[in-house]
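Everything below concerns the one structure shown next.
The values are calculated or read from the model by the stated rules, or taken from the named source; none is laboratory data. Not measured: the values here are computed from a predicted model. Cβ: placed from backbone, ideal geometry, glycine included. Neighbour counts: every protein chain shown. Accessible surface areas use protein heavy atoms only, side chains included; no ligands, DNA or RNA. Shrake-Rupley method; radii C 1.70, N 1.55, O 1.52, S 1.80 Å.
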Amino acid sequence: MTVARLTAADTSPATLDKSPSWWDPRSECTIVVAQPSTERDLWSEYIRGADRNYRKHGVERALDTEALRTGADTALFCVGINDAGRVVGGLRAKGPYQNAEECHAMVEWRGQPGLDAVRKMVTDRLPFGVVEMKTAWVCDDPDQSRALTDTLARMPLHSMTLLNIQFAMATAYVLKRWLSSGGVLAAKIPATPYPDERYQTKMMWWDRRTYANHADPKQLSAYFTETQRIASPAGAAESANTSTAAGQ
């Protein structure tokens, strides 16, 4: 995977001046992007849902419980809120990283043949900004979960834009929907049996300069529509209303 160059990123902690939100007609959810420090109640509901979901599937060891308790390592998180006001899925962007050892993928490949390649791939990209997408989960409703997964798959693009960095990465054992937003599989890194031997987890990357070359056209169109909503005054008003409602 060739690394395209941008000006070196500012990887100091960023602060959002608002919590962007918009209505997603496919998942029938209000999507909110926020920071743990500014939306504590929403963050708590998101991590409670993650804990239930991961325990139900027997993969709770993949959760970094202490990090989730404080939210200190999370730059942004994204949730879907249904018509009943419940969080029904989400994920978070961990970073931006200063050192490859901060990356959770280093834990996932520990003791595996691809560990050194993972370290180098992350290290090479650090000057340009790297976040890691973690703790993804969706509700059990089949229709809503499929649509919401497609929506959450666009979060790496929003994270790169909002944080003004070049790279986002993730690890997963179900790839197709996550790659649909322009992610590229790190094909030279062998899969790792994480969180246990039932799974073959692989690494993928989004590059802010090239994701459009790889994204599904529908995903690309949806992302551009969402960025317009985030940037518009109407979107800002919607964000404020959603934030107030979420705290009730």
Q. Name the residues in segment 189-219 that are part of a loop (DSSP other than H, G, I, E, B) and among the aromatic types (Phe, Trp, Tyr), would you?
A. TYR194, TYR199
(Q) For segment 119-138, which positions are open to solvent by less than 30 Å² (accessible area, probe 1.4 Å) and of a type in the set (A, V, I, L, M, F, W, C)? (A) VAL122, LEU126, PHE128, VAL130, VAL131, MET133, TRP137
Q | Residue among ALA147, ALA170 that is modelled with pLDDT under 95 and of a type in the set (Gly, Ala, Ser) | A | ALA147
Q: Take segment 163-188 and flag every residue that is more than 19 Å from ALA93 (Cβ to Cβ) and in a strand (DSSP E or B).
A: LEU185
**Q.** Close pairs (6 angstrom Cβ cut-off, 6 or more residues apart or separate chains): open to solvent by less than 10 Å² (accessible area, probe 1.4 Å) in segment 162-173, in a loop (DSSP other than H, G, I, E, B) anywhere
**A.** ILE165/ALA9; ILE165/PRO96; ILE165/GLY129; GLN166/LEU6; GLN166/GLY129; GLN166/ARG208
Q. For residues in segment 98-113 being in a loop (DSSP other than H, G, I, E, B) and within 25 Å of ARG209 (Cα to Cα), which is most open to solvent (accessible area, probe 1.4 Å)?
A. GLN98
Q) Residue check, ASN53 against (1) at pLDDT below 95; (2) assigned to a loop (DSSP other than H, G, I, E, B), all met but one. Which one? A) (2)
Q: Could you list, in sequence order, all residues of segment 139-158 that are part of a loop (DSSP other than H, G, I, E, B) and of a type in the set (Asp, Glu)?
A: ASP140, ASP141
Q) Do we have any residue at all in segment 34-50 that's within 17 Å of the chain's Cα centre (by Cα), crowded, with 16+ Cβ neighbours inside 10 Å and under 19 Å from GLU108 (Cα atoms)? A) yes
Q.
For ALA93, only one of the following conditions fails: (1) within 14 Å of the chain's Cα centre (by Cα); (2) over 22 Å from SER180 (Cβ atoms); (3) not charged (D, E, K, R). What is its number?
A. (2)
Q: May I ask you to list the residues in segment 135-162 that are within 19 Å of LYS18 (Cα to Cα) and hydroxyl-bearing (Ser, Thr, Tyr)?
A: SER159, THR161
Q. Got a number for residues in segment 52-63 being in contact with a helix residue (DSSP H, G or I) (Cβ under 9 Å, 6 or more places away or on another chain) and open to solvent by 60 Å² or more (accessible area, probe 1.4 Å)?
A. 2
Q. Considering ASP141, ASP116, ASP73, which residue is under 21 Å from THR201 (Cβ atoms), touching a residue at least 12 places away in the same chain (Cβ under 8 Å) and surrounded by fewer than 22 Cβ atoms within 10 Å (Cβ to Cβ)?
A. ASP73
Q. Which of the residues belonging to segment 24-64 are out of contact with any Lys or Arg (no Cβ under 9 Å at 6 or more places or on another chain), under 13 Å from CYS139 (Cβ atoms) and among the acidic types (Asp, Glu)?
A. GLU28
(Q) So if I check each of THR123, THR135, which one is modelled with pLDDT of 95 or more, polar (S, T, N, Q) and under 17 Å from the mean Cα position of the chain (by Cα)? (A) THR135
